[in-house]
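A quick write-up on the structure given underneath.
The values are calculated or read from the model by the stated rules, or taken from the named source; none is laboratory data. This is a predicted model, so every value here is computed, not measured. Cβ: placed from backbone, ideal geometry, glycine included. Neighbour counts: every protein chain shown. Only protein heavy atoms, including side chains, enter the accessible area calculation; ligands, DNA and RNA are left aside. Shrake-Rupley method; radii C 1.70, N 1.55, O 1.52, S 1.80 Å.
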Amino acid sequence: MTMLESYWRETAPRFAGGAADELPERAGCVVVGGGFTGLSAARSLALAGADVVLLEAGEICGEASGRNGGQCNNGLAGDLGALAGRLGIERARSLYRAFDDGVDLVETIVAEEGINCDFLRNGKLKLADKPEHGAKLARTAEYLAREVEPDLRLLSRAELADEIGSDQFHGGILFPRSASMHMGRFGAGLADAAVRHGARLYEHAGVTALVPLGGGRFRVTTARGTIVADQVLLATGASMRGPFGWLRRRIVPIGSFIIMTAPLDRNVAAQIMPGRRNCTTTRNIGNYFRLAADNRLIFGGRARFALSSPKSDMKSGAVLHADLARIFPAIRNMPIEFTWGGIVDMTADRLPRAGERNGLFFATGFSGHGTQMSVLMGDRMARVMGGETGANPLAGLDWPTVPGHFGTPWFLPIVGAYYRYQDWRH
Ligand SMILES: Cc1cc2nc3c(=O)[nH]c(=O)nc-3n(C[C@H](O)[C@H](O)[C@H](O)COP(=O)(O)OP(=O)(O)OC[C@H]3O[C@@H](n4cnc5c(N)ncnc54)[C@H](O)[C@@H]3O)c2cc1C
């Protein structure tokens, strides 16, 4: 029987340091959202001596930060060449390096705060699903090695045998700087650290209204009362609730789904994933997978273009199980012990956005590639709020609305059909 819950949340201590008292009347900084972005911001603001209150609508790390694929990869979600064509190679390089900085910052926080979360630089493998994708990966590898990542390695189909026990792939790129960790234990450790440094974290305190009072101050109404803040940071991910219409017209919420097997026998694990890398595949509707420390296979993908709900997660789980059986027939009968889904905050160009608008600070849009950048951007926006105006690596990126999108993603089935057609053609 599969459990419809995130493995990370089920196998980590639940955060127990939430504030039980009434909301204070005032705070220097209010952070809205208790995922990695908000927690990292709260920690850094508190370390800088600010008076910080964090407001979370549900539970700490109850959304994407506690429901993801467990990969902490470097590199961009999108294509470096396309970005260089749009913004110039210098800016594209600096954005690529921001993701490196994100992985480095996660590693630093894990060490500084003593978080026991199995952080490991195990590297990422990008795997070619089709022979023609292999040729494209070779061109990409050459370009990335020249411009941003000289230590990456292009692997032929034959060389892949040392990395992965599947005959489904036609070459790959190994990104050695990428890492993995137990996301639940990292999130709980980050929240505990923020509290230790002086931040107050309020769960079940969803923000329902924000009234500007001038000079960056806001009256913030929540399910647990009202608070006046000198500064507000929105770290609300793919939020579909609260007064954030401006963000919602720029972010498309897309479901992503994950299944997880029972622990594999050590020899079987060594046979299917000898390299123990984080893997992602090249199809538009592709897969991501890796082994957990206890040898379970975590296997995810955008199985269906639907939002996450228990029924939707089950349907997507069945699609994912068929993909898993195709890639690793040897474990097709392993019990699936966890099935879950989450919502990705997708931007049109898959780059996150952060800055300040009408006195409100924000950091969001991590587009399914945010376990590292959310941590970096929380910290960087804390520094911006403290007066370090040059700290935001995403400053100045334009952010038009998604055409036809007014907050409810009615067009997801059409987008899904388009990508399935593209995967069939190429
Ligand atoms: C299924 C899945 C798989 C993924 N896999 C990976 C992966 O392997 N690698 C990777 O790098 N990235 C992955 N991601 C993305 C990554 O998890 C996110 O980019 C990252 O966790 C974003 O953190 P966040 O704090 O910005 O958002 P979240 O974790 O979503 O936190 C936002 C918080 O804001 C709260 N909130 C919203 N509205 C309000 C309100 N009105 N008032 C108060 N609080 C509010 C929410 O309850 C939520 O807790 C995945 C995402 C999903 C869903």
Subject >> Accessible area (Å², 1.4 Å probe, nearest 10) - Asp151 >> reply: 70 Å²
**OP:** For Val319 paired with Ser156, estimate the spin-label separation in nm (one decimal), with each label point 7 Å from Cα along the Cα-to-Cβ line.
**Re:** 3.6 nm
**OP:** Tell me what the chain gives for mean residue ellipticity at 222 nm when only DSSP H runs of n ≥ 4 count, each as -39,500 (n - 2.57), the sum divided by the residue total, rounded to 500 deg cm²/dmol.
**Re:** -10000 deg cm²/dmol
Subject >> Mean Cβ neighbour count within 10 Å, used as a protection proxy, ranking 105-117, 336-348, 363-375 highest first >> reply: 363-375, 336-348, 105-117
**OP:** Compare the peptides 185-195, 289-299, 134-144 by average per-residue count of other Cβ atoms within 10 angstrom and give them in order, highest first.
**Re:** 185-195, 289-299, 134-144
Original post:
Highest mean first, what order results for 327-334, 174-181 on Cβ atoms within 10 Å?
Top reply: 174-181, 327-334
**OP:** May I have the pair-distance distribution P(r) for segment 24-161, computed from all Cα-Cα distances with 5 Å bins from 0 and rounded to whole percent?
**Re:** 2, 8, 13, 16, 16, 14, 12, 9, 5, 3, 1, 1, 0
**OP:** Compute the long axis of helix 89-113 from its Cα atoms, compare it with the longest principal axis of the Cα atoms of the chain, and write down the angle in degrees, 0 to 90, nearest 10.
**Re:** 80 degrees
Original post:
At a Förster radius of 51 Å, what calculated FRET efficiency corresponds to the Cβ-Cβ distance of Leu213 and Arg121, to the nearest 0.05?
Top reply: 0.65
**OP:** Between Leu4 and Arg357, take the C-beta separation as r, use R0 = 41 Å, and let me know the FRET efficiency to the nearest 0.05.
**Re:** 0.65
Original post:
On full extension of the chain, what length is gained from Ala135 through Glu22, given 0.36 nm per residue of separation minus the C-alpha to C-alpha distance?
Top reply: 34.7 nm
**OP:** Treat each spin label as a single point 7 Å out from the Cα along the C-beta direction, and report the Arg97 to Met240 distance in nm.
**Re:** 4.0 nm
Original post:
How large is the dipole of segment 7-416 about the Cα centre if only Lys and Arg carry +1 and Asp and Glu carry -1, each at its Cβ, rounded to the nearest 20 debye?
Top reply: 940 debye
**OP:** For the chain, find the longest principal axis of its Cα atoms and tell me its angle to the long axis of helix 310-327, 0 to 90°, nearest 10.
**Re:** 30 degrees
Original post:
What does the chain give for Rg and for Dmax, in Å, if only its C-alpha atoms count?
Top reply: 20.9, 64
Original post:
On a 0 to 90 degree scale, rounded to 10, what angle separates helix 373-385 from the longest Cα axis of the chain?
Top reply: 20 degrees
Subject >> Three semi-axes of the equivalent ellipsoid, segment 1-97, Cα gyration tensor, whole Å, largest first >> reply: 32, 23, 10
Original post:
Between Glu59 and Arg266, how many nm apart are label points set 7 Å from Cα along the C-beta direction?
Top reply: 3.3 nm
Subject >> Asp79-Asp167 FRET efficiency (beta carbon distance; Förster radius 22 Å; 0.05 resolution) >> reply: 0.20
Subject >> the chain, relative contact order [Cα under 8 Å, separation at least 6], % >> reply: 25 percent
